[in-house]
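The values are calculated or read from the model by the stated rules, or taken from the named source; none is laboratory data. The structure displayed is predicted, hence computed values, not measured ones. Note: ideal-geometry Cβ built from the backbone for every residue, glycine included; neighbour counts use all protein chains shown. Heavy atoms of the whole protein, side chains included, go into the accessibility calculation; ligands, DNA and RNA do not. Shrake-Rupley method; radii C 1.70, N 1.55, O 1.52, S 1.80 Å.
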Amino acid sequence: MINIETHLKRSRALIDKALDRYLPPAEVEPKRIHGAMRYGVFSGGKRIRPIIALEACRASCHATLPAGDIRLKNALAAGCAVEIVHAYSLMHDDLPSMDNDDFRRGKPTAHKVFGEAGAILAGDALLTLAFNILASRLEAEKAAIAVKELSEASGTYGMAGGQALDIFFKGKVIGVTARKKINRMKTARLFRASAKLGAMMAGAPDGRIRAMAEFGETLGIAFQSIDDIMDGEGASSAIAERATLKAVNSLRTFGKKADMLKAIAYHMLKRRN
């Protein structure tokens, strides 16, 4: 049985190679914006969202998919689009008008390297690129459903809305219900999109797509809770455990085909320590 760390490392390499193809070359004008886009995307992310898309696609197919299968290629494109949206959101989230962070993952944030205007424009370009990938890499019907899913996940009813609420409540006492809503919108919604898009690219029936969407959303809640634990909010430990178990339980219909997704969920839970 393959080691989970080895599998994740190989998946990240595959995803990084695809992202490198999708992003404009840094030496092509406007060089500063293209450089900022690459800086934001290649800043040490775990690539968990596109990994989920790939594994959701594999789990949703009855037969084992060969490396070059079109369904996996489509899932890779969709997962990379989600990852690029995530990267754009971090670049804008770090801006002085929002979280005002100087460092991310041990490196200066994009606006510290490329200036505020550079970071804003690079984020705008990344968001646009994500939908260009879906439109140009997928056949028309799949592109349409993927664009709808990702736009809903990244808009005011998803990530952007969650960020807006997070800013509104900054410095204020926030209740459990409000925090859950923020985490569900800001973090879990893109996880849901990743898993759902993977199942969609596999051509899964509606029931399996719904089950995979539930897995992605609850895994996203666990992911955010684990981040809260690592930031010193120990009370989130029980939430992370419950959400992880719920996520794994939602994969019952996939049987052993979902073993890798389950392993990823438990692997994420372990990093809380």
**OP:** Tell me, please, whether a residue that is out of contact with any Lys or Arg (no Cβ under 7 Å at 6 or more places or on another chain), closer than 30 Å to G207 by Cβ, modelled with pLDDT of 95 or more and of a type outside the set (K, R) can be found in the stretch 85-104.
**Re:** yes
**OP:** Those residues that are over 24 Å from F215 (Cα atoms), among the aliphatic types (A, V, I, L, M) and touching a residue at least 60 places away in the same chain (Cβ under 8 Å), I need them from the stretch 28-55; list them, please.
**Re:** I33, A36, M37, V41
**OP:** Would you check if there is a residue in the stretch 235-242 being under 26 Å from Y88 (Cβ atoms), part of a helix (DSSP H, G or I) and under 18 Å from the mean Cα position of the chain (by Cα)?
**Re:** no
**OP:** Within the stretch 3-27, count every residue that is of a type in the set (A, V, I, L, M), under 16 Å from the mean Cα position of the chain (by Cα) and open to solvent by less than 40 Å² (accessible area, probe 1.4 Å).
**Re:** 4
**OP:** Please indicate, with yes or no, whether at least one residue in the stretch 121-139 is open to solvent by 10 Å² or more (accessible area, probe 1.4 Å), under 22 Å from L14 (Cα atoms) and of a type in the set (F, W, Y).
**Re:** yes
Original post:
Does N249 fit the bill of being open to solvent by 10 Å² or more (accessible area, probe 1.4 Å), modelled with pLDDT of 95 or more and farther than 16 Å from A53 by Cα?
Top reply: yes
**OP:** Keeping to the stretch 210-228, report how many residues are without any contact (Cβ under 8 Å) to a residue 40 or more places away in the chain and of a type in the set (G, A, S).
**Re:** 2
**OP:** Determine the pairs where a residue that is within 24 Å of A265 (Cβ to Cβ), located within the stretch 1-27, has a partner that is open to solvent by less than 60 Å² (accessible area, probe 1.4 Å) and among the hydrophobic types (A, V, I, L, M, F, W, C) with Cβ atoms under 6 Å apart, the partner being 6 or more residues away or on another chain.
**Re:** I4/A263; S11/I51; A18/L76; A18/C80; L19/V41; L19/C80
**OP:** Taking only the stretch 107-165 into account, find how many residues are touching a Phe, Trp or Tyr at 6+ places or on another chain (Cβ under 8 Å) and among the hydroxyl-bearing types (S, T, Y).
**Re:** 2
Subject >> Every residue from the stretch 91-120 that is closer than 18 Å to R49 by Cα and crowded, with 21+ Cβ neighbours inside 10 Å >> reply: M91
Original post:
List, please: which pairs have Cβ atoms under 6 Å, are six or more places apart or on different chains, and start with a residue in the stretch 243-261 that is outside any helix (DSSP H, G or I) and end with one that is modelled with pLDDT of 95 or more and open to solvent by 30 Å² or more (accessible area, probe 1.4 Å)?
Top reply: S250/E214
Original post:
Can you find a residue in the stretch 157-166 that is open to solvent by 20 Å² or more (accessible area, probe 1.4 Å) and in contact with a Gly (Cβ under 8 Å, 6 or more places away or on another chain)?
Top reply: no
Original post:
Taking the stated definitions as given, is A235 open to solvent by 20 Å² or more (accessible area, probe 1.4 Å) and at pLDDT 95 or above?
Top reply: no
